[in-house]
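Engineer: Attaching a single structure in structure tokens format; questions to follow.
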């Protein structure tokens, strides 16, 4: 009888140790899931993976030397994220630029819905290695875009290709994905007004 109680006690201790270990694994996995986004962002920033572009750049025509003997083809694409109903496209699909030359293109957006919406454009560059050499001095992606029902807008993009771009890169694609962030702003506004 005593041996049976000892076996039950040992089994209970083993079960509680197993449950504790499994709980730690679950907490660790949950924490790792939260850490993945900043780790991924740092990884992309270091390696240029995913074609993430840098923020606002400056352009000084007195310092930047235009390489007249070289041309780089820049293609533009635009996509809507799931649930985004705006019409969104580049006004020119492709241009050729000299490295160091400041260039302006425009993108068109129209809100066909019956309500005001807020959008955020997220850029990406392919090939990934070219992301470090595309510098935007002005971009609609730096801020959210608010359009009333039926409103349309032409959004400027000013950029230049760094003269240090590798010789093997003669073509790159700058792609934008447009996200509907209206709910995020409505939620943050209601949270601020509730305080």
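Engineer: Which ones in the stretch 79-114 are loosely packed, with under 14 Cβ neighbours inside 10 Å and more than 23 Å from the chain's Cα centre (by Cα)?
Structural biologist: The answer is 96, 112, 114.
Engineer: Out of 105, 92, report the one residue that is assigned to a loop (DSSP other than H, G, I, E, B) and out of contact with any helix residue (DSSP H, G or I) (no Cβ under 9 Å at 6 or more places or on another chain).
Structural biologist: Selected residue: 92, the only one of 105, 92 that is assigned to a loop (DSSP other than H, G, I, E, B) and out of contact with any helix residue (DSSP H, G or I) (no Cβ under 9 Å at 6 or more places or on another chain).
Engineer: Something else: Does residue 149 satisfy being farther than 22 Å from residue 59 by Cβ, at pLDDT 95 or above and loosely packed, with under 12 Cβ neighbours inside 10 Å?
Structural biologist: So residue 149 fits the description; yes.
Engineer: Within the stretch 124-146, can one find any residue that is at pLDDT below 95, assigned to a strand (DSSP E or B), under 27 Å from residue 183 (Cβ atoms) and touching a helix residue (DSSP H, G or I) at 6+ places or on another chain (Cβ under 6 Å)?
Structural biologist: Yes, the conditions are met somewhere in the stretch 124-146.
The values are calculated or read from the model by the stated rules, or taken from the named source; none is laboratory data. This structure is a prediction, so every number in the text was calculated from the model and none was measured. Note that each Cβ is placed from the backbone with ideal geometry, even for glycine, and that neighbours are counted across all protein chains shown.
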